[in-house]
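K.L.:
The structure that follows is given in the form of structure tokens.
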Amino acid sequence: MSTVLTTAEIGLALGKLRGWTAQGNSIVRTFQFGNFVEAINFVNKVAGVAEAANHHPDISINYNKVTLALVSHDAGGVTQRDMKVAAAIDKVAAR
């Protein structure tokens, strides 16, 4: 099991990620696309990242907006695993 990051550690790690914020015991980011199909295509790419990492975000889709929330449920908060998956998702979004 991974160690839960402190508030300071989360803040430092989020400084290296674009658009992610701490919300409760998760890190969250909303991505916006041109239309619904683009949003769904992004979610499908995120699914590949999540499966490869065996760490799956909570996903909310509202037409052209996709909100992702990452938390290590087994640890009870945000861990380095969440930060690594967030960085991998950012790479997918940048393509």
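K.L.:
Of everything in the stretch 25-38, what is within 15 Å of the chain's Cα centre (by Cα) and either more than 21 Å from residue 65 (Cα to Cα) or of a type in the set (A, V, I, L, M, F, W, C) (or both)? Give them in sequence order. It would help to see each step written out before you state the result.
P.N.:
Filtering the stretch 25-38 for residues within 15 Å of the chain's Cα centre (by Cα) gives 25-32.
Correct list: 25, 27, 28, 31.
K.L.:
Search the stretch 1-17 for residues being surrounded by 12 or more Cβ atoms within 10 Å (Cβ to Cβ) and not β-branched (Val, Ile, Thr), and hand back the single one that is nearest to residue 86 (Cα to Cα).
P.N.:
17
K.L.:
Can you name the number of the only condition in (1) in contact with a His (Cβ under 7 Å, 6 or more places away or on another chain); (2) free of Cβ contacts under 8 Å to residues at least 60 places away in the same chain that residue 46 fails?
P.N.:
Just one mismatch for residue 46, condition (1).
K.L.:
Among the residues of the stretch 54-68, is any of a type outside the set (D, E, K, R) and farther than 24 Å from residue 33 by Cα? Walk me through it before giving the result.
P.N.:
Filtering the stretch 54-68 down to residues of a type outside the set (D, E, K, R) leaves 54-57, 59-64, 66-68.
Narrowing further to those that are farther than 24 Å from residue 33 by Cα: 54.
Yes, that holds for at least one residue.
K.L.:
While we're looking at this one, here's another question. Which pairs have Cβ atoms under 8 Å, sit 6 or more apart or on different chains, and link a residue in the stretch 75-95 that is under 18 Å from residue 39 (Cβ atoms) to one that is at pLDDT below 95?
P.N.:
90/18
K.L.:
Quick one: which strands (runs of 3 or more DSSP E) lie wholly within the stretch 11-79 and hold at least 3 residues that are over 15 Å from residue 91 (Cα atoms) and modelled with pLDDT under 95?
P.N.:
On the way: elements: 21-23, 26-32, 58-62, 65-70.
It comes to none.
The values are calculated or read from the model by the stated rules, or taken from the named source; none is laboratory data. Bear in mind the structure is a predicted one, so any value in this text is a computation, not a measurement. Here Cβ is always computed from backbone atoms with ideal geometry, including for glycine, and neighbour counts include all displayed protein chains.
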